[in-house]
Amino acid sequence: MPVYNEEKTLVEIVERVQAAPYEKELILVDDCSSDDSKRIMGELEKRYDNLRCYFHSENLGKGGALRTGFGQVRGDIVLIQDADLEYDPSDYPGLLAPFEDGVADVVFGSRFLGGRYVRVHMFWHYVGNRALTLLSNCFTNLNLTDMETCYKVFRRDIADRLDLKSLTFAVEPEITAKVARMHARVYEVPISYAGRDYSEGKKIGPKDAVIALFAIVRWTLFK
């Protein structure tokens, strides 16, 4: 779970993850937050035996936080969970079902396949997501509906082979390109989505869309 200035949501999202009916470890990586997230993480680490915290001394970006977290994983399945409340851990059963059935190496949770609920707002953000997914599909020959989703889940051996390089939100197309190159069995399942707007703390913006555009080309054409 990457954490950057999420003091308002951190306790609740950790409680939701812990309530999911699975044996789990929870790895929190603070990306040099300037709010009270670090203190809250310390309190949560004392509260839960299965929770471990790591702290960056400088802000690296989501990709940097994922790289740190992936390096500490011990379990058989690796699931990315954002620290806000946009993505709902009650969707874990659907995300994990293809692994339990033995058919998947990687599962993407799609906000566009009809989850239980999806907040309706930010039209241009939606357009950007769909455009980037389409471009990524053109390069990877996958038929994803939501490349930029937070909910990406991997078998441990696949996660170990990703060798993430991107520090920013460019990590999303990097992951997608690399699992495509592995010829991994990729599945999508519908998920719910309670998207925030910028006044509520949303961090990804137009600059990140441009970075993702170049990342799609970078990670699909060059190893």
Taking Asp30, is it without any contact (Cβ under 8 Å) to a residue 40 or more places away in the chain, within 15 Å of the chain's Cα centre (by Cα) and buried (at least 22 other Cβ atoms within 10 Å of the Cβ)?
yes
For region 150-166, state whether one or more residues are polar (S, T, N, Q) and either touching a Lys or Arg at 6+ places or on another chain (Cβ under 8 Å) or part of a helix (DSSP H, G or I) (or both).
no
Within region 141-200, considering residues that are more than 15 Å from Asp82 (Cα to Cα), in contact with a helix residue (DSSP H, G or I) (Cβ under 7 Å, 6 or more places away or on another chain) and of a type in the set (Ser, Thr, Tyr), the one modelled with the lowest pLDDT
Ser166
Does region 59-82 include one or more residues that are among the acidic types (Asp, Glu), buried (at least 20 other Cβ atoms within 10 Å of the Cβ), under 15 Å from the mean Cα position of the chain (by Cα) and modelled with pLDDT of 95 or more?
no
Residue hits (region 109-144; surrounded by fewer than 18 Cβ atoms within 10 Å (Cβ to Cβ) and of a type in the set (D, E, K, R)) are Arg116, Arg119, Arg130
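The values are calculated or read from the model by the stated rules, or taken from the named source; none is laboratory data. All of these numbers come straight from a predicted model, not from anything done at the bench. Here Cβ is always computed from backbone atoms with ideal geometry, including for glycine, and neighbour counts include all displayed protein chains.
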